[in-house]
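The values are calculated or read from the model by the stated rules, or taken from the named source; none is laboratory data. Everything numeric in this text was worked out from a predicted model, so none of it was measured. For neighbour counting, all protein chains shown are included, and Cβ atoms are generated from backbone atoms with ideal geometry for every residue, glycine included. Calculation scope for accessible area: heavy atoms of the full protein, side chains included, ligands and nucleic acids excluded. Shrake-Rupley method; radii C 1.70, N 1.55, O 1.52, S 1.80 Å.
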Amino acid sequence: AQSVTQLDSQVPVFEEAPVELRCNYSSSVSVYLFWYVQYPNQGLQLLLKYLSGSTLVKGINGFEAEFNKSQTSFHLRKPSVHISDTAEYFCAVRGNSGYSTLTFGKGTMLLVSP
Amino acid sequence: SQTIHQWPATLVQPVGSPLSLECTVEGTSNPNLYWYRQAAGRGLQLLFYSVGIGQISSEVPQNLSASRPQDRQFILSSKKLLLSDSGFYLCAWSVLISGYQETQYFGPGTRLLVL
């Protein structure tokens, strides 16, 4: 089984500042990792994913994340945020197994203010 | 390209009434299908998933059920709603590729309020 911890329930930042949303996971098998974004009253939109290869993954809207196997982390970063980035962000993990399903963290609300 | 639809978008139902939420996927064949519930402050909870027609796996015991009558149709039902069934219901689809690589794509969701 897998688990995901998003350490911050809310992250307030000012517009044009950098941001990092933290995600740590635990798993007994190799994993695939994902970040999703959810705007109010909408479904989840895939931001980026790590399946294999380069540990630095670039996604949509200028976001990137780095898979760190030794620290079991997959933190999401953006060098300069916009007001429109205000949303809830979910980290998710899937084990490399046919019996595995996607496990989500509880989410981090990113609040960007002018 | 693939698209996923959910309806209704919003639903207000009295306690004890039945429920039927529908999800359909276009542009892909034999997808894995999922139902999640998102309650306030509690993240996403996987309710059911299906790897094929008539094949349903339940993740948590509850008064909800799911059915997959067609390849790209997934239905969430209840015979009698409880107050605790209120929440945001999300349907998702995926297709397994090499190994167990799988990316889930989500629908727009249904907001259910049980009064």
Study note, to complete from the structure: Residue by residue through segment A:75-89, the couplings from Karplus 6.51 cos²θ - 1.76 cosθ + 1.60 with θ = phi - 60°, in Hz, x for Gly and Pro, are 6, 9, 9, 8, x, 7, 8, 10, 3, 5, 7, 4, 4, 9, 10
Check your understanding: When Rg is the radius of gyration of the Cα atoms in segment B:1-102 and Rh is its Kirkwood radius, what does Rg/Rh come to?
Key -> 0.97
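Efficiency by 1/(1 + (r/R0)^6): what FRET value for B:T10 and A:Q10, r their Cβ-Cβ distance, R0 = 30 Å, to the nearest 0.05?
Details: r = 26 Å, r/R0 = 0.87.
Efficiency, from the Cβ-Cβ distance: 0.70.
What does the structure give for A:103-113 when I average, per residue, the other chain Cβ atoms found within 10 Å of the residue Cβ? Kindly include the intermediate steps, with their values, before the conclusion.
Numbers: counts 3, 6, 2, 4, 5, 0, 0, 0, 0, 0, 0.
Taking all residues of A:103-113 together, the mean is 2.
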Check your understanding: Considering amide H positions built from the backbone, and no H for Pro or chain starts, which residues 5 or more places from A:V11, or on another chain, come under 5 Å of its amide H?
Key -> A:M109, A:L110, A:L111
Point to revise | Amide proton proximity set for B:L96, modelled H, under 5 Å, gap of 5+ | key: B:N32
Point to revise | For segment A:6-85 versus segment B:1-74, the gap between their alpha-carbon centres in whole angstrom | key: 26 Å
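Pop out the Kirkwood hydrodynamic radius of segment B:55-112 from its pairwise C-alpha distances, inverse of mean 1/r, in Å to one decimal.
Values: mean 1/r = 0.0745 Å⁻¹.
Its Kirkwood hydrodynamic radius stands at 13.4 Å.
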Revision key, fill the gap. With +1 at each Lys and Arg Cβ and -1 at each Asp and Glu Cβ, the charge dipole magnitude of the protein assembly as shown around its Cα centre, to the nearest 20 debye, comes out at 440 debye
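When the expected Rg is taken as 2.2 N^0.38 Å, what fraction or multiple of it is the alpha-carbon Rg of chain A? Mind showing how you got there, number by number?
Values: Rg = 13.6 Å, N = 114, 2.2 N^0.38 = 13.3 Å.
So chain A has a normalised radius of gyration of 1.02.
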Study note, to complete from the structure: Each residue of B:6-16 has, on average, a number of other protein chain C-beta atoms within 10 Å of its C-beta equal to 0
Review point. Using +1 on the beta carbon of Lys and Arg, -1 on that of Asp and Glu, and nothing else charged, what's the dipole of segment B:3-109 about the Cα centre, debye to 20?
Key: 260 debye
Check your understanding: Residue-wise, which Karplus ³J(HN,Hα) couplings in Hz belong to segment B:80-91, taking 6.51 cos²θ - 1.76 cosθ + 1.60, θ = phi - 60°, and x for glycine or proline?
Key -> 9, 6, 10, 4, 6, 7, 4, x, 10, 9, 10, 9
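Rounded to the nearest percent, how much of the accessible area of segment B:3-109 (1.4 Å probe, protein heavy atoms only) is carbon and sulfur? Provide the component values of the computation, followed by the final result.
Details: 2710 of 4910 Å².
In segment B:3-109, the share of accessible area belonging to carbon and sulfur is 55 percent.
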Point to revise | Dimensionless Rg over Rh [the protein assembly as shown; C-alpha; Kirkwood] | key: 0.97
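Run the numbers on chain B and let me know its relative contact order in percent, using alpha-carbon pairs under 8 Å that are six or more apart.
Details: 281 pairs, mean separation 40.2, N = 115.
Result for chain B is 35 percent.
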Study note, to complete from the structure: Candidates B:Q62, B:Q101, B:Q45; GNM for chain B (alpha-carbon contacts under 10 Å) flags as most fluctuating B:Q101
Practice item. Check segment A:3-113 and count each lysine pair with an alpha-carbon distance under 20 angstrom, considering only pairs eight or more places apart or from different chains. Key: 6
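Could you pull out the GluC sites (Glu not before Pro) across segment A:7-37 that fall in loop regions by DSSP (anything but H, G, I, E, B) with no more than 13 other Cβ atoms inside 10 Å? Working shown, then result.
Values: sites: A:E15, A:E16, A:E20; in loops: A:E15, A:E16.
When the GluC sites (Glu not before Pro) of segment A:7-37 are filtered for loop state and at most 13 Cβ neighbours within 10 Å, A:E16 remain.
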Exercise for review: Rounded to whole Hz and in sequence order, give me ³J(HN,Hα) for segment A:50-63 from the Karplus expression 6.51 cos²θ - 1.76 cosθ + 1.60, θ = phi - 60°, writing x for Gly and Pro.
Suggested key: 10, 10, 5, x, 4, 7, 9, 10, 9, x, 7, 6, x, 7
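Can you figure out the FRET efficiency of B:R42 with B:K80, using R₀ = 22 Å and their beta-carbon distance, to the nearest 0.05? Before the final figure, lay out each step's value.
Values: r = 22 Å, r/R0 = 1.01.
About 0.50, to the nearest 0.05.
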Revision key, fill the gap. Checking B:S65, B:S84, B:S57 against a Gaussian network model of chain B (alpha-carbon springs below 10 Å), the top fluctuating residue turns out to be B:S84
